[in-house]
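**Student:** Quick one: this structure, given as structure tokens, is what I'll be asking you about.
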Amino acid sequence: MGLPMHPVAGGAVSMDTLSSKAALMRESLQKSQTITDNIVSILGSFDHRLSALETAMRPTQIRTHSIRRATENIDRTLKSAEVILAQFDLSREAEAKVLKGPHEDLESYLEAIDQLRGIIRFFGNCKGFRNNEGVANHVNSLLGKAVLKLEEEFKQLLSLYSKPVEPDRLFECLPNSMRPSSGSHGDQADPSTKNHGDSKTSENAVYTPPALIPPRILPLLHNLAQQMVQAGHHQQVLKIYRDTRASVLEQSLRKLGVEKLSKEDVQKMQWEVLEAKIGNWIHFMRIAVKLLFAGERKVCDQMFEGIDSLRDQCFSDVTTSSVELLLSFGDAIAKSKRSPEKLFVLLDMYEIMRELHSEIELLFSGKTCAEMRESAFGLTKRLAQTAQETFGDFEEAVEKDATKTAVSDGTVHPLTSYVINYVKFLFDYQSTLKQLFQEFEKAEDANSQLASVTMRIMQALQTNLDGKSKQYRDPALTHLFLMNNIHYIVRSVRRSEAKDLLGDDWVQRHRRVVQQHANQYKRIAWAKILQSLSTQGLTSSGGGTGIPSDGGNSSGVSRALIKDRLKTFNVQFEELHQRQSQWTVPDTELRESLRLAVAEVLLPAYRSFVKRFGPPLPSMDFAIGKVWRLGSMQPVVRTNIKLIKKTTSKVAGCDGDWKVTRVESEGWMGVEEPLVESGKNPSKYIRYTPEDLERMLGEFFEGKTLNEPKR
């Protein structure tokens, strides 16, 4: 570093330096300005020259741009021409395939139709193509011809593979339990063998609908239908499908045995024939809905997949006539004249319609099938209504039955057995009846309704039986008849499901009625004969103990009166035996019980009477050591008497006829003269021993004819 300058001297130097620098800067700025002005002048000159150049080159640029655009247009035109030519090539290819027809190569034919539709769309979008309309018309004409051939192919293919289903093939699709026995095609369903507990089984059974059209053909038919629909041929598809499939479906039903019957046809049929046809109809309905209609629905769903407008309509059109054919028979039955025997077949028909309800609802869904669906449900309602009305008719018919069929032996009346069997059979339909009641009176309990109906039928029967019992002239037979019939009712109820519904109180109440009629029979039938064995009217008020002279007795009893009583007894008993052995008590237990009740009253009375007033009975065995004669106050000792034999009518060692009676002293016997002598003809008055009577009572209520020999 140098030495520091003097302050004053240093300041002067700095100012000079700055001044010289400022001068240099001014000079530089002036030069820069001069240069700038020169440059601006030069640039202005360039702008003028460039404008002139641009003006000179504009025509050239325009020509170059036009050439470039022309080139691009040429390229686009060439490309368009290539595409158009390609469409013409496709058209020629498609035309060749169309002219060849679909029969040999359907898949290629369908591709050709797709190509024609593509060509039509292409030229429809080529607005600038001069011959656009002409080409489109040509291709449309070709497409029309192609679709007509397609329509014919669809018809031929559908007809070729649409054949009626043979009954045997349908039966193979049924569960094993429902397949008819071999050789029974004419009578597939025998109503008499129907098990009404099988309804749940049939609902849960597996059915396998047959393939109505081979699975390998369905995709082809689907493609054909789809092409026709795309060509706007909806109605043609519908008509071809309906005309082909509807007749085939009807033929399948007719092969099965379905026939069209009117209400008049039904009315003319004998009941046995009609019952068999109803049983078959039930079988046919199950096969039609679960197999044929289900199979047809499957065909429609697959063939018209994605074509909703045709799927339901085709199914509806094909099945309409077959459904009408089946339902018309059901309607004819529902509207025919009601009769009690029809109730069970009506319930069978109602039962199958209820079973098929959900499947009908599923198969015949949609607006197009609404009419058939409602027809089926309407038939269910009509069957229920007719069954309910028949129920009411039956109740009224039972009460008012005026049949003059007399049961002369007092046994169970045919009406009773018919009504009870009818009611027992009804209980096989319990679940069906409950559903039927709920069709019309949903608010009430179905069990109580069934119980109420059953009780009304039972009451109607009893009312009728009361009337029929008045036909008998013998009041005893009246009560025997009522006893037999009400006992049959009670016994049948106790052995059936009706017991749970009617209850124990009903059973016990009617058992008491049976007993009351049995007691009334016993009182009325045996009162007179028991009166003849009574001691009333035989003994004088002041009777003594001694035996008077001939014609009297120890107690003032007339021998003639005793004989008259015994003769009356014999006549009355023989009349009762002859008449009541022709009467019938069909129930073994009740018959034995009634005989025993009579024997318990008759035999003790007879033994007592004969023992008191008759000669020694053969059945009396007495071991004795002493005897005495009541005519004397002193005993007559007979030490040699050991036993009075059953076969003897005299006491050994005693003169005349004697009667052995017990006395208070054990081992002593009294012997007296009888009021009715044994004589030469002892059976004139006392014809029967108690054992004889008991044996003859065993012949009562056997329902013997007059000429039938005694046992």
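Yes/no matrix, rows are residues, columns are (1) out of contact with any strand residue (DSSP E or B) (no Cβ under 9 Å at 6 or more places or on another chain); (2) among the basic types (K, R); (3) surrounded by 14 or more Cβ atoms within 10 Å (Cβ to Cβ); (4) more than 28 Å from R591 (Cβ to Cβ):
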position: T416; (1), (2), (3), (4): yes, no, yes, no
position: V419; (1), (2), (3), (4): yes, no, yes, no
position: V423; (1), (2), (3), (4): yes, no, yes, no
position: L426; (1), (2), (3), (4): yes, no, yes, yes
position: L436; (1), (2), (3), (4): yes, no, yes, yes
position: S448; (1), (2), (3), (4): yes, no, no, yes
position: A451; (1), (2), (3), (4): yes, no, yes, yes
position: M455; (1), (2), (3), (4): yes, no, yes, yes
position: R491; (1), (2), (3), (4): yes, yes, yes, no
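**Student:** Counting only residues that are in a helix (DSSP H, G or I) and among the charged types (D, E, K, R), how many does the range 216-241 have?
**Tutor:** Counting residues in the range 216-241 that are in a helix (DSSP H, G or I) and among the charged types (D, E, K, R) gives 1.
One line per residue, one yes/no per condition, for (1) under 38 Å from the mean Cα position of the chain (by Cα); (2) at pLDDT 90 or above; (3) buried (at least 19 other Cβ atoms within 10 Å of the Cβ); (4) not in a helix (DSSP H, G or I):
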site: G186; (1), (2), (3), (4): yes, no, no, no
site: T201; (1), (2), (3), (4): yes, no, no, no
site: A211; (1), (2), (3), (4): yes, yes, no, yes
site: D243; (1), (2), (3), (4): yes, yes, no, no
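**Student:** Among residues belonging to the range 680-711 that are in a loop (DSSP other than H, G, I, E, B) and basic (K, R), point out the one that is modelled with the lowest pLDDT.
**Tutor:** Just the residues of the range 680-711 that are in a loop (DSSP other than H, G, I, E, B), to begin with: 680-681, 685-689, 698-701, 703-711.
This time we only want the ones that are basic (K, R), so: 680, 687, 704, 710-711.
Working: K680: 49, R687: 85, K704: 82, K710: 49, R711: 44.
The selected residue is R711.
**Student:** Can I ask one more? Tally the residues that are exposed (fewer than 15 other Cβ atoms within 10 Å of the Cβ) and under 28 Å from I360 (Cα atoms), restricting the search to the range 382-414.
**Tutor:** Here the count works out to 1.
**Student:** Which number in (1) within 23 Å of T320 (Cβ to Cβ); (2) in a helix (DSSP H, G or I); (3) in contact (Cβ under 8 Å) with a residue 60 or more places away in the chain marks the one condition that L261 misses?
**Tutor:** Exception for L261: condition (2).
**Student:** Something else now. What do you reckon, is K367 of a type in the set (D, E, K, R) and farther than 30 Å from M455 by Cβ?
**Tutor:** Taking the combined requirement at face value, the residue satisfies it.
**Student:** Sort through Q536, Q515, Q531 and tell me the only one that's out of contact with any Pro (no Cβ under 9 Å at 6 or more places or on another chain) and at pLDDT 95 or above.
**Tutor:** Q515
**Student:** Please pick out the residue among T77, T60 that is β-branched (V, I, T), at pLDDT 70 or above and more than 60 Å from the chain's Cα centre (by Cα).
**Tutor:** None of the others qualify; the one that does is T60.
**Student:** Turning to a different aspect of this structure: From the list R511, R523, pick out the single residue that is touching a helix residue (DSSP H, G or I) at 6+ places or on another chain (Cβ under 7 Å), free of Cβ contacts under 8 Å to residues at least 40 places away in the same chain, of a type in the set (K, R) and not assigned by TED's automatic domain parsing to the domain that holds T568.
**Tutor:** Exactly one of R511, R523 is touching a helix residue (DSSP H, G or I) at 6+ places or on another chain (Cβ under 7 Å), free of Cβ contacts under 8 Å to residues at least 40 places away in the same chain, of a type in the set (K, R) and not assigned by TED's automatic domain parsing to the domain that holds T568, namely R511.
One line per residue, one yes/no per condition, for (1) in a helix (DSSP H, G or I); (2) basic (K, R); (3) more than 25 Å from the chain's Cα centre (by Cα):
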{"residue": "N280", "(1), (2), (3)": "yes, no, no"}
{"residue": "M285", "(1), (2), (3)": "yes, no, no"}
{"residue": "K290", "(1), (2), (3)": "yes, yes, no"}
{"residue": "S309", "(1), (2), (3)": "yes, no, yes"}
{"residue": "S316", "(1), (2), (3)": "yes, no, yes"}
{"residue": "I333", "(1), (2), (3)": "yes, no, no"}
{"residue": "R338", "(1), (2), (3)": "no, yes, no"}
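**Student:** Of all residues being small (G, A, S) and part of a helix (DSSP H, G or I) in the range 581-605, which is surrounded by the most Cβ atoms within 10 Å (Cβ to Cβ)? Just the residue, please.
**Tutor:** Filtering the range 581-605 for residues that are small (G, A, S) and part of a helix (DSSP H, G or I), the one surrounded by the most Cβ atoms within 10 Å (Cβ to Cβ) comes out as A605.
**Student:** Among (1) in contact with a helix residue (DSSP H, G or I) (Cβ under 9 Å, 6 or more places away or on another chain); (2) under 20 Å from F329 (Cα atoms); (3) of a type outside the set (A, V, I, L, M, F, W, C), there is one condition Q302 misses while meeting the rest; what is its number?
**Tutor:** (2)
**Student:** Return the only residue of L379, L415 being among the aliphatic types (A, V, I, L, M) and outside the structural domain of I352 (by TED's automatic domain parsing).
**Tutor:** Result of the check over L379, L415: L415.
**Student:** Scan E272, E264 and give me the residue that is exposed (fewer than 14 other Cβ atoms within 10 Å of the Cβ) and modelled with pLDDT of 90 or more.
**Tutor:** E272
**Student:** Looking at the range 459-466, can you tell me whether even one residue there is in contact with a Phe, Trp or Tyr (Cβ under 7 Å, 6 or more places away or on another chain) and not assigned by TED's automatic domain parsing to the domain that holds H577?
**Tutor:** Scanning the range 459-466, I find no residue that is in contact with a Phe, Trp or Tyr (Cβ under 7 Å, 6 or more places away or on another chain) and not assigned by TED's automatic domain parsing to the domain that holds H577, so the answer is no.
The values are calculated or read from the model by the stated rules, or taken from the named source; none is laboratory data. Please read these numbers as outputs of a predicted model, since none were measured by experiment. Backbone-built Cβ (ideal geometry, glycine too); neighbour counts: all protein chains shown.
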